[in-house]
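Right, one structure below, let's go through it.
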Amino acid sequence: MRWIIDTDAGIDDAIGLGLPFAPGLAPTHILLAVTTVSGNVHVAQVNVNVGAVLDVLEAPTPIYSGCDRPMIEPRVHAEDFHGPDGLGGAGLSKTTRRPEREHAALAISRLARQHRGALGLIALGPLTNVALACNLDPELPHHIARLIVMGGAWQARGNQTSAAEFNFAVDPESAHVVFERFSNVIMVPWEVSLDQMMPFELFERIRAGATPRARFFAAMTRIVYDWRDQFGFTGVPLPDPLAVAVALDEGVIARAVQARVKVDIGHSVGRALSSLDYRHPQPNAQVVVQVHADVAWQMIERAWTQ
Ligand code: RIB
Ligand code: CA
């Protein structure tokens with residue numbers, strides 16, 4: 001399978017970007033491109049972060065820069081969580097790589113046509129690029145073989161508002177468009193990563209690795225101890241790596257529910273809520289509610305200690 005990862009790299013995105021480069025996955029899975037979007041940090045910073053991650057992975061993957069703001073809402077970032085540079089403020093955010101000239105949305109459309117039926121798209125940030133690609137190319141949902149979205153909150157346990165998860169809350173309109181246009185989304189909601197966190201002992205084993213990748217991982221994730229102190233986390237929530245693991249190995253899914261996911265674009269307390277209509281005659285998503293986390297953790301350890 002060939003993949004595009006659309007990302008607002010942040011720390012968990014960066015960890016997820018490593019998974020296709022775990023030993024033994026290529027050539028079954030090939031990362032064709034990384035597209036970048038405004039989210040955790042400004043898209044210009046995301047471009048640098050993705051370049052730095054691809055450098056340490058020694059990956060030949062091109063970067064396509066995307067939307068620098070949501071469809072309607074003003075920009076929202078998460079430097080308080082991911083650090084001022086989006087990679088833990090550890091001085092990692094530097095690269096000589098530059099994005100290609102083509103816009104991310106156009107690249108998604110072009111690559112989906114070129115690899116019709118054999119290209120998967122993994123969305124790890126706000127869905128601004130994916131929605132724009134749908135509007136530029138209405139046939140896109142028919143060309144993308146699999147769409148995996150990290151986002152939403154199936155039990156409305158929000159992390160950005162009381163009801164909404166960050167990626168949907170940053171750009172509710174784009175999330176609404178994507179779930180109205182695609183009929184086969186695999187949605188990995190926030191609660192899964194909250195209910196199934198990586199144990200600290202494994203996290204520290206990866207951080208203790210001696211390879212350049214492990215040292216990069218360790219530097220980038222020093223900030224995770226701040227998360228523990230600030231939020232009382234008993235482990236490490238890794239939403240984006242879980243979504244990538246689900247994409248690369250559907251056996252990671254332990255339980256999923258089929259439903260019509262509707263994203264609220266109203267302006268009440270429920271804005272960006274992802275509601276699940278189990279009775280709808282036309283479901284549009286498999287919502288992953290439980291994973292075999294040990295499989296995902298193995299992928300992460302293999303990718304980042306190599
Ligand atoms: O809510 C978690 C999501 O928001 C993750 O993708 C994280 O990187 C942030 O973008
Ligand atoms: Ca993300």
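The values are calculated or read from the model by the stated rules, or taken from the named source; none is laboratory data. What you are looking at is a predicted structure, and each value in this text was computed from that prediction instead of being measured. Cβ: placed from backbone, ideal geometry, glycine included. Neighbour counts: every protein chain shown. Accessible surface is based on the protein model in full, side chains and every heavy atom, while ligands, DNA and RNA are left aside. Shrake-Rupley method; radii C 1.70, N 1.55, O 1.52, S 1.80 Å.
Show me the ranking of peptides 239-246, 84-91 by mean Cβ neighbours inside 10 Å, starting with the highest. Could you put the intermediate results ahead of the total?
Working: 239-246: 29.2, 84-91: 19.4.
Packing order, densest peptide first, comes out as 239-246, 84-91.
Would you mind pulling out the separation of the Cα centroids of segment 122-160 and segment 190-247, in Å?
24
What shape does segment 84-161 take by its C-alpha gyration tensor, where a ≥ b ≥ c are the square roots of the eigenvalues and a/c under 1.5 counts as rounded, a/b above b/c as prolate, and the rest as oblate?
Numbers: a/c = 2.37, a/b = 1.21, b/c = 1.96.
The shape class here is oblate.
Using a Förster distance of 51 Å, how high is the FRET efficiency between Arg97 and Gln290, based on the Cβ-Cβ distance and rounded to 0.05?
On the way: r = 37 Å, r/R0 = 0.73.
The computed FRET efficiency comes out at 0.85.
Would you report the distance distribution of C-alpha pairs in segment 210-260 as whole percents per 5 angstrom bin, up to the bin with the largest distance?
Histogram of Cα-Cα distances, whole percents per bin: 5, 15, 14, 19, 18, 16, 8, 4, 1, 0.
Arrange the peptides 155-161, 224-230 so that the one whose residues have, on average, the most other Cβ atoms within 10 Å appears first. Don't skip to the end; give the middle numbers.
Values: 155-161: 17.3, 224-230: 13.4.
Going from most to least packed, we get 155-161, 224-230.
Quick one: length gained pulling Glu204 to Ser268 fully straight, 0.36 nm per residue minus the C-alpha distance?
On the way: separation 64, 0.36 × 64 = 23.04 nm, distance 4.15 nm.
Here the segment from Glu204 to Ser268 would lengthen by 18.9 nm.
Rounded, prolate or oblate for the chain? Axes are the square roots of the Cα gyration tensor eigenvalues, ordered a ≥ b ≥ c, and the cut-off for rounded is a/c under 1.5.
Details: a/c = 1.35, a/b = 1.19, b/c = 1.14.
In terms of gyration-tensor shape, rounded.
When the accessible area of the chain is computed with all protein chains present and a 1.4 Å probe, what percentage of it is carbon and sulfur?
On the way: 6020 of 11640 Å².
Percent of accessible area from carbon and sulfur atoms in the chain: 52.
So for segment 1-106, what percent of the C-alpha to C-alpha distances run longer than 21 Å?
30
Restricting things to alpha carbons, tell me how big segment 151-294 is in terms of Rg and Dmax, in Å.
Cα radius of gyration and Dmax of segment 151-294 are 16.5, 53 Å respectively.
Counting heavy atoms of the protein chains only and a 1.4 Å probe, report the per residue accessible area for the chain as a whole number of Å².
38
May I ask what percent, to the nearest 5, of DSSP beta bridges between residues of the chain are antiparallel? Intermediate results must be reported in sequence, preceding the final value.
Details: 11 of 37 bridges.
Bridges in the chain that DSSP calls antiparallel: roughly 30 percent.
Provide the FRET efficiency to the nearest 0.05 for the Glu79-Val257 pair, computing r from the beta carbons and using R0 = 51 Å. Don't skip to the end; give the middle numbers.
Values: r = 34 Å, r/R0 = 0.67.
For R0 = 51 Å, the calculated efficiency reads 0.90.
What is the set of long-range amide H partners of Val289 at a cut-off below 5 Å, with H atoms built 1.01 Å from backbone N?
Residues meeting the amide H criterion: Arg255, Ala256, Val257.
Residues with beta-carbon under 10 Å from that of Ala169, excluding Ala169: net charge, scoring Lys, Arg +1 and Asp, Glu -1?
Numbers: positive: Arg271; negative: Glu73, Glu165, Asp171.
Its environment carries a net charge of -2.
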